[in-house]
Amino acid sequence: MNGKQDELIRRAKDNDGDAFSELFKQYTPIVSNFFHHYYVRDFDWEDWVQEAHIVLYLALHDYDTLFGVHFSAYYKILLKRHLFSLIRRDNAKKRRTNQALLSIDSLYESDKVRCLMSDTIDLEAINQVIINETIKNMIAKLDKFDQEVFCAYLQGYTLKQISEKYGCSIYKATQILKKIKTRMITLLRDS
């Protein structure tokens with residue numbers, strides 16, 4: 001670590017609010033990355049930031065340079081573990097009417113595309129209608145090739161099978177699916 005970073009960590013550890021704010025500002029990209037990769041219903045940006053602040057505070061007070069790990073890596077690990085704890089806690093309440101966590105791969109069902117459900121998702125009827133309509137509209141706006149790749153994926157084809165079936169590379173099929181997943185997360189978060 002560099003001296004400036006060590007000093008900032010030391011000051012934040014000693015309850016210096018300005019140092020804590022500056023340190024959090026440096027790690028906001030990590031927080032943002034998690035926010036964009038995990039969809040938790042009713043959990044907005046402010047909720048993520050609040051959780052990330054708590055984890056940063058705990059990380060500062062538990063961190064020791066003897067760990068042999070850079071503080072940013074240590075913080076990222078703790079933040080990810082905290083996120084997974086939140087997910088586990090919400091999943092422990094699986095049988096409730098309004099499931100807090102949704103799997104992107106298990107949301108869409110129509111004549112054209114079957115969802116592949118690993119768990120039963122029990123949503124209120126109105127939320128299911130909104131989600132289905134949002135996803136149908138998003139899929140309708142995809143070009144034909146992207147639609148075919150996405151449908152094949154939801155029907156259970158592997159990336160290798162998709163690449164062979166549609167004459168594209170595995171990398172291209174993966175990129176298409178990542179693009180679609182990102183769009184879905186954004187649309188579902190906005191709806």
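Projecting label points 7 angstrom from Cα along Cα→Cβ for Ala140 and Gln5 puts them 5.0 nm apart. What the Cβ-Cβ distance of Lys25 and Glu133 gives, at R0 = 45 Å and to the nearest 0.05, is a FRET efficiency of 0.70.
With R₀ set to 30 Å, the beta-carbon distance separating Asp18 from Phe84 gives a calculated FRET efficiency near 0.45. Viscosity 1.567 mPa s, temperature 4 °C: give me the Stokes-Einstein translational D for the range 1-58 in µm²/s, with Rh taken as the Kirkwood radius over C-alpha pairs. So the translational diffusion coefficient is about 106 µm²/s.
With 0.36 nm allotted per residue and the present C-alpha distance subtracted, the Lys160-Asp47 stretch has 36.8 nm of extension available. If a spin label sat at a point 7 angstrom from the Cα of Ala73 along the line to its beta carbon, the backbone N atoms of the range 2-25 nearer than 14 Å would be those of 2.
Note on Glu148 and Phe34: with the Förster distance fixed at 41 Å, the Cβ-Cβ geometry gives a FRET efficiency of about 0.85. When the C-alpha to C-alpha distance is required to be over 25 Å, the pairs from Lys25/Lys179; Lys25/Lys178; Lys136/Lys181 that qualify are Lys25/Lys179; Lys25/Lys178.
Every read-out reported here was derived from the displayed coordinates using simple, explicitly stated rules and does not represent laboratory data. Just so it is clear, the model here is predicted, and its values are computed rather than measured. All Cβ positions, glycine included, derive from the backbone under ideal geometry; neighbour counts span all protein chains shown.
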